[in-house]
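A.B. asks: Pasting in a structure now, in structure tokens, and then I'll have a few things to ask.
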Amino acid sequence: MRKSKRIGILTGGGDCPGLNAVIRAIVKTAEHDYDIEVIGFLDGYEGLIENRYRNLDIKDVSGLLAEGGTILGTSNRADPFHFPVLQGEEYVFLDRSSQAIRNFESLGLDALMAIGGDGTMAASAGMVERGLNVVGVPKTIDNDLCGTDVTFGYDSALSIATEAIDRIHTTAQSHHRVMIIEVMGRYAGWIALGSGLAGGGDIILIPEIPYDIGAVADMVKTRNSLGKNFSIVVVGEGAKPIGGDIVVKRLIENSPDAIRLGGISHQIAAQLEGLINIECRVTILGHLLRGGAPSAHDRILATRFGMEALHMAARGDYNRMVALQKGEITSVPIEDVAGKTRLVTADHAWTRTAQSTGICLGVAEEQDLKEAFAEAATT
Ligand code: F6P
């Protein structure tokens, strides 16, 4: 007998801890509260375009809560409107959204649940415009999605980065070194600021405030003059110097968003060693932040998001993304979120906390932080 509804789910973009917990919550709620059938597309929108999927029932999600990664696979290259296809030796980007819609219809689906970050939400907004019923679920370690106070995956990344900083702290102390720890986060400084605060960073450099290397050197010198002969610098991968540029690690030719960041910490180490007489060492945490088991916070958040997404699909509340606002689960139109990035602001509580506790944010102490943010926004 056909179940009351049939929904498809996919996980898109970079993976993060908690994806499996969302999948589990969706399938469990579908079975427990309703009689809804769930199928999972493989490798994000690629699976919908190529009609690759698997059935998901309760036994498929057993034991998934604490598992990292995604059992469905993911892709950050599968935008249905700019889908990379190899022609000869080169990739061309084609609009495959009609194929995705044909597959959705031929599978008799009522709704698609898109679990992803900004790229997935932007693609989903396009699919909504083309008439697909979509429910979004916000994930990313970067925590840079608009409309929600937090994304799942972020808390886990923060914990991993904090633990790494703690470990680096002790060796920095022993060897009297400046240790520069680079974290992911793309153009947003949430991971750097959060882990810098939690890990006792002395200097935190975020993409939202172009840094003055002189101010960074002064902070290290001041600490030395106070007998603290080591310093911890936490830097977001998207940070850049005043008047300078971001460091691009590589360009992924078949990705609609080709830029991959990484390596600014080496530049900072070289610049800093020219200004201070202390050895500077670099640790780039990279994909370490995306792997492994979700934190307790992310397990609960992912489960709440998954449950609510299924309720929304069940009652036909489509084209919205589940969100957390002031501790409560709510939802926002996907179109309001698509193509936007939530950045750290000058008046955010964490920015003010960093400032009041004497952390150097890469600008001279006398410089107005609001101005630094404003200047960055115009460059
Ligand atoms: O968006 C998540 C993220 O991990 C970013 O922090 C990082 O810049 C990017 O993805 C890395 O992507 P990839 O896995 O393709 O190198």
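A.B. asks: Which whole-number value in Å² is the accessible area per residue of the chain, probe 1.4 Å?
C.D. replies: Values: 15870 Å² over 379 residues.
With all protein chains present, the chain gives 42 Å² per residue.
A.B. asks: Nearest 10 degrees, 0 to 90: what angle lies between the long axis of helix 296-314 and the longest principal axis of the chain (Cα atoms)?
C.D. replies: Its long axis makes an angle of about 30 degrees.
A.B. asks: Within the range 267-327, report the GluC sites (Glu not before Pro) that DSSP leaves as loop and that have at most 11 other Cβ atoms within 10 Å.
C.D. replies: The qualifying sites: there are none.
A.B. asks: May I pose another question? Pull out the extension gain between Asp368 and Ser106, defined as 0.36 nm times the separation in residues minus the alpha carbon to alpha carbon distance; nm, one decimal.
C.D. replies: Details: separation 262, 0.36 × 262 = 94.32 nm, distance 5.81 nm.
Here the answer is 88.5 nm.
A.B. asks: Once the dipole of the range 1-112 is set up with Lys and Arg at +1 and Asp and Glu at -1 on Cβ about the Cα centre, which of Ile9, Gln87, His32 lies farthest towards its positive end?
C.D. replies: It is His32.
A.B. asks: Let me ask you something else. For the range 242-262 and the range 142-207, compute the distance between their C-alpha centroids and round to whole Å.
C.D. replies: 20 Å
A.B. asks: State whether the range 139-250 is rounded, prolate or oblate according to the following rule on the C-alpha gyration tensor (a ≥ b ≥ c being the square roots of its eigenvalues): a/c under 1.5 gives rounded; otherwise a/b larger than b/c gives prolate, and the remaining case gives oblate. Don't jump to the answer; show the numbers that get you there.
C.D. replies: Numbers: a/c = 2.33, a/b = 1.42, b/c = 1.63.
Oblate is the answer for the range 139-250, as a/c is 1.5 or above yet b/c matches or exceeds a/b.
A.B. asks: Measure off, as a whole percent, the carbon and sulfur share of the 1.4 Å-probe accessible area of the range 42-176, all protein chains present.
C.D. replies: Numbers: 2510 of 5500 Å².
Roughly 46 percent of what the probe reaches on the range 42-176 is carbon or sulfur.
A.B. asks: Next question, about the same structure. Just report the Cα centroid separation between the range 343-379 and the range 24-44, whole Å.
C.D. replies: A separation of 43 Å, based on Cα centres.
A.B. asks: Moving on to the next point. Given a cut-off of under 8 Å on Cα pairs at least six residues apart, what relative contact order in percent is computed for the range 64-151? The partial results should precede the final answer.
C.D. replies: Working: 90 pairs, mean separation 17.7, N = 88.
Result for the range 64-151 is 20 percent.
A.B. asks: How would you rank 206-216, 190-200, highest first, on the average number of other Cβ atoms within 10 Å across their residues? Could the numbers behind the result be given before it?
C.D. replies: Values: 206-216: 22.5, 190-200: 24.3.
Ranking, from highest mean packing down: 190-200, 206-216.
A.B. asks: Rounded to the nearest 500, what is the 222 nm mean residue ellipticity of the chain from helices alone, with -39500 (n - 2.57) per DSSP H run of 4+ residues and division by all residues? Can you show the working numbers first?
C.D. replies: Values: 12 runs with 137 residues, N = 379.
Roughly -11000 deg cm²/dmol at 222 nm, from the helical runs in the chain.
A.B. asks: Looking at the chain, which longest stretch skips every one of the trypsin sites (Lys or Arg not before Pro) that is in a DSSP loop with at most 16 other Cβ atoms within 10 Å, leaving the sites themselves out? Display every interim value, and only then the final one.
C.D. replies: Working: sites that count: Arg2, Lys3, Arg52, Arg130, Lys228, Arg315, Lys326, Lys340.
Result, exposed sites excluded: 131-227.
A.B. asks: Quick check for me: using +1 on Lys/Arg Cβ and -1 on Asp/Glu Cβ, what's the dipole size of the chain about its Cα centre, in debye to the nearest 20?
C.D. replies: Here the size comes out at about 760 debye.
A.B. asks: Taking only C-alpha pairs under 8 Å that are 6+ residues apart, what is the relative contact order of the chain in percent? List each step's numbers first, then the result.
C.D. replies: Details: 884 pairs, mean separation 81.4, N = 379.
Relative contact order for the chain comes out at 21 percent.
A.B. asks: Could you work out which residue, out of Thr171, Thr11, Thr303, moves most in a Gaussian network model of the chain, that is, has the largest mean-square fluctuation with Cα springs under 10 Å?
C.D. replies: The residue with the greatest mean-square fluctuation here is Thr171.
A.B. asks: Mind checking the angle between helix 97-106 and the chain's longest principal axis? C-alpha axes, 0 to 90 degrees, to the nearest 10.
C.D. replies: On a 0 to 90 degree scale, this one is about 40.
A.B. asks: Helix 264-273 versus the longest principal axis of the chain: what angle, 0 to 90°, nearest 10, using Cα atoms?
C.D. replies: Between the helix axis and the principal axis of the chain, the angle is about 0 degrees.
A.B. asks: First select every other residue whose beta carbon is under 12 angstrom from the beta carbon of His175; then total the charges, Lys and Arg +1, Asp and Glu -1.
C.D. replies: On the way: positive: Arg177, Arg281; negative: Glu279.
Here the charged neighbours net out to +1.
A.B. asks: Nearest 0.05, what FRET efficiency do Thr345 and Lys59 give at R0 = 45 Å with Cβ-Cβ as r?
C.D. replies: 0.50
A.B. asks: For the range 310-379, state which GluC sites (Glu not before Pro) are in a DSSP loop and have at most 10 other beta carbons lying within 10 Å of their beta carbon.
C.D. replies: Values: sites: Glu328, Glu335, Glu365, Glu366, Glu371, Glu375; in loops: Glu365, Glu366.
Sparse-neighbourhood loop GluC sites (Glu not before Pro): Glu366.
The values are calculated or read from the model by the stated rules, or taken from the named source; none is laboratory data. Predicted model only: the values in this text are computed from it and were never measured. Positions of Cβ are generated from backbone atoms using ideal geometry, with glycine treated the same way; all protein chains shown enter the neighbour counts. Note: areas computed on protein heavy atoms with side chains; ligands, DNA, RNA excluded. Shrake-Rupley method; radii C 1.70, N 1.55, O 1.52, S 1.80 Å.
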